[in-house]
Amino acid sequence: MKPVDELVLEDGAYQHRTMFWNEDIYEAELEHIFSRAWLFLTHESLIPEAGDYNTTRMGEDKVIVIRQQDGSIRAFINSCRHRGNTVCHADAGNTRQFTCSYHGWSYGSNGELIGVPLEQDAYFNQIDKSKFGLQEIAQVASYKGMVFGTFDASAPDLETYLGDMRWYMDSFLDVPGGIELIGPPMKSILNCNWKTPAENFGGDDYHFGWTHAAGVAVMGGPLEMLAGNTGVPNEVGFQVGSSYGHIFGFIEGGAAALQPFPEWREMYDNWLNSRLPGQEEKFGPLQARFYKGHWNANIFPNCSFLYGTNTFKVWQPRGPRAIEVYTWTLVEKEMPAELKQMMHRSNAATFGTAGMLESDDGENFEECTQTNRGFNTRQGYCHAGMGQQNEGPHPDMPGVISDNLMAETGLRNFYRTWARMVNGDDWTQIGAPATAPLKKLRAV
Amino acid sequence: MADQTQPSTGSTQAGQPVDQQTHFEIERFMVREARLLDQDRLHEWLELLAPDIRYQLPVQEVRYRKDTQPIGSATGTYIFDDDYKLLEMRVNRMDTNLVWFEDPKTSSRRLITNIDAEWSEQAGEIDAYSTFLTYRNRRQSDETWLVGAREDRLRKTDQGWRLVNRVILLDQRVVQDKNLHLFL
């Protein structure tokens, strides 16, 4: 594996193509990123009662996330401590215990080993069950309902880890009643490296008007002007790079823009307008504007969402050349049932497994990975230099801000953090402010 | 359910197998529909749909047999949950010639089998069951197989049979494909 400072160059603007192919680099990611970063596990609304659980993965590790009797949430590696078999094979459920299908060891919802068949006759009561509980995830925490976990006991707490991003996300996470995810998630596979959809969702507004030209053309609406990438005024929006590698592109006032029909846009817009005064009162107009806009975002490393279109995804890595995609619909808990259903239908039709826009992306993502099969092809670098001279800090908002929505500010921020983590930097270095020299400051 | 091993009794009561002529018409409908889709004749396919169609592909969670109640906000989700307007939008999108990944085009072949049909509780409407094995081939050697079943409601109109409701049951919890950019 090349040294990290040869993999990511010029402040994140170049990425060596082996990063999207090489097994050793992938192992380094599992060790230094997926074993340290806070990873999305579930939403509290998906496991509200004691004993409710979801299974998921953290990197390649299978985990069970389960609500405890006292209402807290804990997570465990989904693997029996006896011979290693998977303990729970369901996506979700409610249970008091998990029983391994191999020899019948059973574990309580708190992870403790509570039952060992033939404990007396074969183990002669000499097995110390307290030593063989399910391996617990070091830290599990919820931020306004979003549940994350990390294997790293020394990782900063979740609020710290969300960094600058938290200031922005509060605008829509902190609504009366909160938000929820509608499940169960759609799941599909993509034969691409996990970083490609992560950078795309969080920082690639450039592709939108071109890749999705057909969808944008038939759906119409305020984003139709982006179709074909013929021009994009600064007023449309900007990108934000947060500390700890989180990123998003923001379209001013555009939350409802990707709803497929005018009457759906109107229905959602009416809802947003009814809630906006409350958000402005709580946060002030500068922060509350993010409630009414459209976001394409990635929480480092692999949790992406489109606020407004309300798709919510995790890109689960499966080796360097494949991922599993999990897709939920994000809604506000207090939305009327009719609006929630509309949000789910529009999410499925745009960014679900059969979504008109999701389908556009898949082929590109896969080819961006699979071309690296060529030995000579993968000796080069990918480029993400757009707008590098036109980004910097902002007087009133945290993070690095780009001058135009069409920028690769997000990509560079993502890869700067990637490099720090894969390099094994300590947490103070990883969480250092998103750096980028100020060249020109836009007035937003 | 009626004893499907017996020939039609001529009854049109709900759950009774349809008569031979109706069965023949349903089978023809499905075979013709598959051919229209295989040949990308999507506007002609739209003509086979009732204006009040619901076209769904539900997400099927993997659960233990004894533990089937929905949990929390996991109230049920769909990969397709389309009405006529959404289906028409999908077709119109293809007409733009801006869907880059369908150029060169994907070829698809639908094998529709195990067709069964019975009268529904609604006069003039039948419930039809079928299974599919659908092959797709894209670009050079990108190929996938999709296997599943369909539960359809068909309505007899002056123009022939029309699809009123379709529930597609795909036998893959994790869809083994990059998209489901096709009609099943």
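The values are calculated or read from the model by the stated rules, or taken from the named source; none is laboratory data. What you see is a predicted model, and the numbers here were worked out from it, not measured in a lab. Backbone-built Cβ (ideal geometry, glycine too); neighbour counts: all protein chains shown. These accessible areas exclude ligands, DNA and RNA; they are computed on the full protein's heavy atoms, side chains included. Shrake-Rupley method; radii C 1.70, N 1.55, O 1.52, S 1.80 Å.
Table for the structure above
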| item | result |
| --- | --- |
| 10 Å Cβ shell holding at most 12 others, DSSP loop, GluC sites (Glu not before Pro): longest site-free stretch of chain B | B:48-120 |
| Dipole-positive endmost among A:F124, A:M146, A:G93 within the stretch A:85-155 (Cβ charges, Cα centre) | A:M146 |
| In the stretch A:1-100, trypsin sites (Lys or Arg not before Pro) in a DSSP loop with at most 14 other beta-carbon atoms within 10 Å | A:R83, A:R96 |
| Residue-by-residue Karplus 3J(HN,Hα) for the stretch A:248-257, coefficients 6.51, -1.76, 1.60, Hz, glycine and proline x | 7, x, 10, 10, 4, x, x, 3, 8, 4 |
| Nearest-ten-degree value, helix A:262-283 long axis tilted from longest Cα axis of chain A | 80 degrees |
| Neighbour cut-off at most 14 other Cβ (10 Å), DSSP loop, GluC sites (Glu not before Pro), the stretch A:1-99 | A:E49, A:E60 |
| Fluctuation leader among A:L162, A:L306, A:L223 - chain A, Gaussian network, Cα springs under 10 angstrom | A:L223 |
| B:N165 long-range amide H proximity, modeled H, under 5 Å | B:R54, B:R153 |
| Extent along principal axes [Cα atoms of the stretch A:39-142; Å; largest to smallest] | 44, 29, 23 |
| Whichever lysines have a C-alpha closer than 26 Å to that of A:K2, once near sequence neighbours (fewer than 8 apart) are set aside | A:K195 |
| Shielding score for A:183-195, defined as the mean number of other chain Cβ atoms within 10 Å | 5 |
| Local electrostatic count, A:D5, Cβ distance below 13 Å [Lys/Arg +1, Asp/Glu -1] | -1 |
| Helix-derived mean residue ellipticity, 222 nm - over chain B, DSSP H n ≥ 4, -39500 (n - 2.57), to 500 | -6000 deg cm²/dmol |
| Relative packing of peptides A:119-131, A:138-150, B:129-141 - highest average C-beta neighbours within 10 Å first | A:138-150, B:129-141, A:119-131 |
| Simple Cβ-charge dipole of the stretch A:39-142, Lys/Arg +1 and Asp/Glu -1, about Cα centre, in debye nearest 20 | 180 debye |
| Which of A:Y102, A:Y161, A:L173, positive extreme of dipole for the stretch A:78-190 (C-beta unit charges) | A:Y102 |
| Top of B:Q159, B:Q20, B:Q122 by mean-square fluctuation, Gaussian network on chain B, Cα under 10 Å | B:Q159 |
| Separation in nanometres of the label points that stand 7 Å from Cα toward Cβ, at A:D174 and A:Q429 | 3.3 nm |
| Candidate lysines for bridging to B:K156, where Cα separation is under 29 Å - those fewer than 8 sequence places away on the same chain excluded | B:K85 |
| Phi-based couplings in Hz for the stretch A:51-64 (Karplus 6.51, -1.76, 1.60; Gly and Pro marked x) | x, 5, 9, 10, 10, 7, 9, 10, x, 9, 7, 7, 9, 10 |
| GNM result for chain A, Cα springs below 10 Å: residue of A:G374, A:G220, A:G362 fluctuating most strongly | A:G374 |
| Unit Cα scatterers, Debye sum, the protein assembly as shown: log10 I(q)/I(0) for q = 0.07, 0.11, 0.12 Å⁻¹ | -0.47, -1.13, -1.30 |
| Formal net charge of residues neighbouring B:S108 (Cβ-Cβ distance under 10 Å; K, R +1; D, E -1) | +3 |
| Solvent-accessible surface ranking, highest first, for A:K340, A:K187 at 1.4 angstrom | A:K340, A:K187 |
| Number of partner chain Cβ atoms within 10 Å, mean per residue of A:346-358 | 6 |
| ³J(HN,Hα) computed for each position of the stretch B:60-70 - Karplus, 6.51 cos²θ - 1.76 cosθ + 1.60, integer Hz, glycine/proline x | 9, 5, 8, 9, 5, 4, 7, 10, 10, 6, x |
| Computed over chain A: relative contact order in percent, which uses C-alpha pairs under 8 Å that are six or more apart | 21 percent |
| Residues with amide H under 5 Å from that of A:M58, placed H, sequence gap 5 or more | A:V63 |
| Ranked by how many other beta carbons lie within 10 Å on average, peptides A:244-253, A:406-415 from highest | A:406-415, A:244-253 |
| Only Lys, Arg (+1) and Asp, Glu (-1) charged, at Cβ; chain A dipole about Cα centre in debye | 420 debye |
| Isolated Cys residues of chain A, judged by Cβ distance under 4.7 Å to other cysteines | A:C88, A:C192, A:C303, A:C368, A:C382 |
| When the convex hull of its Cα atoms is projected in every direction, mean area for the stretch A:219-336 (nm²) | 9.3 nm² |
| Amide H contacts of B:R63 (H built 1.01 Å from N, under 5 Å, at least 5 apart or other chain) | A:D91 |
| Peptide B:62-71 - average C-beta neighbours from other chains (10 Å radius) | 5 |
| Principal-axis tilt of helix B:20-38 within chain B, Cα atoms, nearest 10 degrees | 0 degrees |
| Within chain A, helix-based [θ] at 222 nm, where runs of 4 or more DSSP H residues each add -39,500 (n - 2.57), nearest 500 | -8500 deg cm²/dmol |
| Summed side-chain charge close to B:E151 - residues other than B:E151 whose Cβ falls under 11 Å, Lys, Arg +1, Asp, Glu -1 | 0 |
